[in-house]
Amino acid sequence: MEKKIIRTDKAPAPIGPYNQAVQYGDMLFISGQIALDPDSGELVQTNILAETQQVMENLKAILSQAGMDFSNVLKTTIFLIDMGQFAQVNEVYGSYFSTAAPARETVQVSGLPKGVNVEISMIAGA
């Protein structure tokens, strides 16, 4: 099998030495996404709901570029600065899954890139 780099202008460009996603066979590994608006390059930090929605839209764009959608997601990892925001993040996150939700863990961390409040990574399969 050959690995394929997945890239779309509909999600923010990487801010370091990594790719938006890598596909290996039927598996897609999406790097952690933060609330960067791909059009303006600005962070969306109005509130945790808007921030989480932008993260999920970035993930959606990457899934789409790989010919997948949220029904293909097998596992996610959510990184939060404040576990007190879990319910609000979960509300937005859950709205993107119309079928059975994937496996997931949510962890509180002391810091995230660019001072954001939430970052989410995904693993999907065709």
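Any residue at all in region 75-87 that's touching a Gly at 6+ places or on another chain (Cβ under 8 Å), free of Cβ contacts under 8 Å to residues at least 40 places away in the same chain and farther than 17 Å from Q45 by Cα? Checked region 75-87: no residue is touching a Gly at 6+ places or on another chain (Cβ under 8 Å), free of Cβ contacts under 8 Å to residues at least 40 places away in the same chain and farther than 17 Å from Q45 by Cα. No other residue among L63, L43, L49 is over 26 Å from I5 (Cβ atoms), among the hydrophobic types (A, V, I, L, M, F, W, C), touching an Asp or Glu at 6+ places or on another chain (Cβ under 8 Å) and at pLDDT 95 or above apart from L49. Apart from one condition, L63 fits all of (1) without any contact (Cβ under 8 Å) to a residue 12 or more places away in the chain; (2) closer than 22 Å to A13 by Cα; the exception is (1).
Confirm whether Y24 is touching a Lys or Arg at 6+ places or on another chain (Cβ under 8 Å) and at pLDDT 95 or above.
Numbers: touching a Lys or Arg at 6+ places or on another chain (Cβ under 8 Å): yes; at pLDDT 95 or above: yes.
Yes; evaluated as a whole, the condition is true for this residue.
Of the strands (runs of 3 or more DSSP E) lying entirely inside region 1-115, those containing at least 1 residues that are exposed (fewer than 12 other Cβ atoms within 10 Å of the Cβ) and either of a type in the set (D, E, K, R) or more than 13 Å from the chain's Cα centre (by Cα) (or both) span 3-6, 21-24, 103-108.
The residues of region 116-126 that are surrounded by fewer than 16 Cβ atoms within 10 Å (Cβ to Cβ) and either over 16 Å from the mean Cα position of the chain (by Cα) or more than 28 Å from Y24 (Cα to Cα) (or both) amount to a single one, A126.
The values are calculated or read from the model by the stated rules, or taken from the named source; none is laboratory data. None of these values were measured; they are calculated from a predicted model. Virtual Cβ from ideal backbone geometry, glycine too; neighbours counted across all protein chains shown.
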